Amino acid sequence: MTEPTSERTLILVKPDGVQRGLCGEVLRRVEAKGYTMVAVRLLIPNRDLLAQHYAEHVGKGFYESLVGFMSSGPVLAVVAEGVRVVEGFRSLAGATDPTAAAPGTIRGDLARDWGNGPQENVVHGSDSPASAAREIALWFPELA
Ligand code: IDP
Ligand code: MG
């Protein structure tokens, strides 16, 4: 049943998280928090999808490296639902830089710097309801 005033967010378990076998742990935390999964898909994203997903970062110094990393293997894409889930998942994920991310968060507990700064940080989460709607339409066009 859809909750009143519920919203949706896009979560990605990035290639580092899938390769390290952390999909179950990420989904466990999302479900344990109380959010509902609406859709899941395992795929290797192409450059075109990533360019749209990371449109705000096109042209930045780390962009090419980020796209190379994100297309290096399977990504688990998840749509989760619940009241304030966008903000709630960002809180579960923790700070972008896994070295600085607080213990107790996904990035703080499960990610570290492997020499590429904050690149390999296990998860993505939409940063606003507007971003979530845009990103869900990219990764799950059938839900739009
Ligand atoms: P967010 O994922 O916490 O929203 P953003 O600033 O939107 O962080 O950056 C998107 C992703 O790009 C990050 O999650 C991380 O994987 C990567 N990234 C961000 N800044 C850097 C950087 O300075 N070097 C390498 N990768 C970066
Ligand atoms: Mg972001």
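Here, each number is a calculation from the coordinates, and none is a lab measurement. Keep in mind that this is a model prediction, so the values were computed, not measured. With ideal geometry, Cβ positions are generated from the backbone for all residues, glycine too; neighbour counts draw on all protein chains shown.
Observations, loosely collected:
- Along the stretch 5-22 the Karplus relation, 6.51 cos²θ - 1.76 cosθ + 1.60 evaluated at θ = phi - 60°, assigns HN-Hα couplings of 6, 6, 9, 10, 9, 9, 10, 10, 8, 6, x, 5, x, 5, 4, 8, x, 9 Hz to successive residues, with x for each Gly and Pro.
- Within the stretch 4-24, backbone nitrogen closer than 17 Å to the virtual label 7 Å beyond the Cα of Tyr54 toward Cβ: 11-19
- Sequence of Thr9, Thr99 once ranked by neighbouring C-beta atoms within 10 Å, starting from the fewest: Thr99, Thr9
- Difference of contour (0.36 nm per residue) and Cα-Cα distance, Thr5 to Thr99: 30.4 nm
- Distance histogram for the chain (every C-alpha pair counted, 10 angstrom bins, percent rounded to whole numbers): 12, 44, 37, 7, 0
- Counting beta carbons within 10 Å around each of Met70, Met37 and listing the fewest first gives the order Met37, Met70.
- Computed helical MRE - 222 nm, the chain, DSSP H runs ≥ 4 contributing -39500 (n - 2.57), nearest 500: -10500 deg cm²/dmol
- Going by neighbour counts of Cβ atoms within 10 Å, the residues His57, His124 line up, fewest first, as His57, His124.
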